[in-house]
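Since the structure comes first, as structure tokens, the remarks are kept for the end.
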Amino acid sequence: MKEPTKEELKLWNEHAMDAILKEHLELVKHVDFKTFASIVSPIKKANAIFFMGMGRSGLMMKAAAMRLMHLGFEAYVVGETTTPAIGKGDLLIAGSGSGTTTSVLRAAETAKKEKATVIAFTTDEESPLAKKADYIVVLPAAKKQQHQNTVSEQYAGSLFEQALLLYFDALIQTLWKIDGSTAETLYERHANME
């Protein structure tokens, strides 16, 4: 393949962004926002909130944990060296597009054994992760194993991972509205050793 011109690169990037935005506009039509409303209470009631995901989904979970910490929640990422044990009254928020990621399933099993609540974010409400969860949020994006472009023309689980970030940010905006804190209050919790 010959090297693309700057004009071709510009057009390809514009097309990619347009396609991604269209996929999210389509996805939002199929998301049940009542499920988001149902998870506000367990988040607010939790003693501590633990986040678990692998790969890019895991990065989105870390972003959500950071924002909840800024809102004043006790938030941890499973696998980090300072993450304590989960227990009764705690909450695990687990994200796996397929709902079959082994380490995420093990975390959910441990949470249930310790009498913690589990919220699952997945594309498949019949997945093993969904079956272990007390609350299921379905983001009807393509699974990473789907390569037919029927749901997304993006590679692997990109649409799901992007949706995790967007829908967590929407949820965090809602929690912030309920909390009523100022942006200055949240900023006081922002990292100051960067």
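Tell me which trypsin sites (Lys or Arg not before Pro) from segment 46-153 have a DSSP coil assignment and no more than 10 other beta carbons within 10 Å of their own.
Details: sites: ARG56, LYS62, ARG67, LYS88, ARG106, LYS112, LYS113, LYS115, LYS131, LYS132, LYS143, LYS144; in loops: LYS88, LYS115, LYS143, LYS144.
Passing both the DSSP loop test and the Cβ count: LYS88.
Counting only protein heavy atoms and using a 1.4 Å probe, the accessible area of MET66 comes to about 100 Å². The alpha-carbon of LYS131 sits under 21 angstrom from the alpha-carbons of these lysines, leaving out residues fewer than 8 places away in its chain: LYS34, LYS88, LYS112, LYS113, LYS115, LYS143, LYS144.
Once neighbouring chains are kept in place and the probe is 1.4 Å, which whole percent of the accessible area of the chain is contributed by carbon and sulfur?
Values: 6400 of 11460 Å².
C and S atoms contribute 56 percent here.
Within 10 Å of each candidate Cβ there may be at most 14 other Cβ atoms; applying that plus a DSSP loop requirement, which GluC sites (Glu not before Pro) in segment 1-105 survive? Please list the in-between numbers first.
Numbers: sites: GLU7, GLU8, GLU14, GLU23, GLU26, GLU74, GLU80; in loops: GLU74, GLU80.
Sparse-neighbourhood loop GluC sites (Glu not before Pro): GLU74, GLU80.
For volume of the Cα convex hull per residue in Å³, the value calculated from this model appears in [x] 141; [y] 162; [z] 116 under label [y]. Straight-line cross-link partners of LYS29 among the aspartates and glutamates, defined as a Cα under 19 Å from its Cα and at least 8 positions apart when in the same chain: ASP18, ASP124, GLU125, GLU153, GLU161, ASP169. Compared with the alpha-carbon gap, the fully stretched path from ASP169 to LYS112 is longer by 17.9 nm at 0.36 nm per residue.
For the chain, the longest principal axis of the C-alpha atoms and the axis of helix 102-113 are separated by about 20°.
Hey, can you find the accessible area per residue of segment 61-194 for me, probe 1.4 Å, expressed in square angstrom? Present the calculation step by step, with values, prior to reporting the outcome.
Working: 7280 Å² over 134 residues.
So segment 61-194 comes to 54 Å² accessible per residue, rounded to a whole number.
The values are calculated or read from the model by the stated rules, or taken from the named source; none is laboratory data. Just so it is clear, the model here is predicted, and its values are computed rather than measured. Because the Cβ atoms are built from the backbone with ideal geometry, glycine has one as well, and the counts that use them run over all protein chains shown. The area values use the complete protein model at the heavy-atom level, side chains included, leaving out ligands, DNA and RNA. Shrake-Rupley method; radii C 1.70, N 1.55, O 1.52, S 1.80 Å.
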